[in-house]
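Undergrad: The structure follows.
The values are calculated or read from the model by the stated rules, or taken from the named source; none is laboratory data. What you see is a predicted model; the values in this text were computed from it and never measured. Here the Cβ positions follow ideal geometry from the backbone for every residue, glycine too, while neighbour counts run over all protein chains shown. To get the accessible areas, we keep the full protein, side chains included, count just its heavy atoms, and leave off ligands, DNA and RNA. Shrake-Rupley method; radii C 1.70, N 1.55, O 1.52, S 1.80 Å.
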Amino acid sequence: MKRILLVGSVGCGKTTLLQRLRGADLDYAKTETIYTDGTVIDTPGEYLELPWFKHSLRMASFDADLVVLLASANVADTRFPPGFTTFFTPPSIGVVTKIDVASPDQVRTASAHLVLAGVTEVLEVSAVTGEGIEALTERIA
Ligand SMILES: Nc1nc2c(ncn2[C@@H]2O[C@H](COP(=O)(O)OP(=O)(O)OP(=O)(O)O)[C@@H](O)[C@H]2O)c(=O)[nH]1
Ligand SMILES: [Mg+2]
C-alpha cells in the first residue's frame, strides 16, 4: 500500500476513512496532531483551515507517496485554494466523503471543488456504508 497523506477540513471524515480502511470500529476521535499508523498519515482539519499550520502539511507530504484531498459531500463550500495540489511534491487524488448523506448534486459540487484544487482523479466514498471503499483501496494499493 502506498503511504498516503489525508488532507481536508475539520470533520470531513479523514479519521473515519482511516478506520474504515483498517477495518476498525468507527469511533469518533478528534485528531489533535499529525498521526500515522505507518502507512496512512492523518492530519487535523485545522492544518488546512488555519494558514500558519499549512507548512506542516507540506512537511508531512515529504513522507507520503500520494496526497489524498478529502471533501465532504454535505459541505457546500471548500477550504482548498485553487491549484492547492501544486503545494505538494507527491501526486494527489481527490476523495468525496459522506456520499451516504448527500444528493448527487452535492457530490458533484464537492468533486468540482477537488478538481479546482488540482486533482485529476476523484473517487466517491462513504466510510459508513462502505460504498466506494473497495475502489479506493485498489487505487492506493
Ligand atoms: N454519514 C457519514 N458520516 C461520516 C462519514 N465519515 C465520517 N462521518 C462523520 O463525520 C464526523 C467527523 O468525522 P472525522 O472522521 O472525525 O473527521 P476528520 O476529518 O477526521 O476531522 P478532524 O480530525 O477534526 O480534522 C464524525 O461524526 C463521523 O462519524 C461518512 O462517510 N458518512
Ligand atoms: Mg480526524
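Undergrad: Expected output is a single nm value to one decimal: the length gained when fully extending between A76 and W52, i.e. 0.36 nm times separation in residues minus the C-alpha distance. What is it? Before the final figure, lay out each step's value.
TA: Numbers: separation 24, 0.36 × 24 = 8.64 nm, distance 2.41 nm.
Stretched fully, the A76-W52 segment lengthens by 6.2 nm.
Undergrad: On to the next question. In nm, to one decimal, how far is the modelled label at T39 from the one at A141, with both set 7 Å along Cα→Cβ?
TA: 1.2
Undergrad: Same structure, new question: Would you work out the Kirkwood radius for the chain? I mean one over the mean of 1/r across all pairs of different Cα atoms, in Å.
TA: Value: 14.7 Å, from the Cα pair sum.
Undergrad: Before I look further, what does the chain give for accessible area per residue, probe 1.4 Å, in whole square angstrom?
TA: It amounts to 49 Å² per residue over the chain.
Undergrad: Quick check: residue separation of T89 and R108 times 0.36 nm, minus the Cα distance between them. What number comes out in nm?
TA: Taking T89 through R108 to full extension adds about 4.2 nm, to one decimal.
Undergrad: Going through the range 16-71, which chymotrypsin sites (Phe, Trp or Tyr not before Pro) have at most 11 other Cβ atoms within 10 Å and a DSSP loop state?
TA: Y28, F62
Undergrad: Within the chain, which complete DSSP H helices have Cα atoms spanning at least 15 Å along the helix axis and a mean Kyte-Doolittle hydropathy of 0.0 or higher? Working shown, then result.
TA: Working: long enough: 104-117 (20 Å, 0.26).
Counting only whole DSSP H runs, the qualifying helices are 104-117.
Undergrad: Pulled fully out, how much extra length does the chain show between V101 and D63, if you take 0.36 nm times their separation in residues and subtract their Cα-Cα distance?
TA: Once the chain is fully extended between V101 and D63, it gains 10.4 nm.
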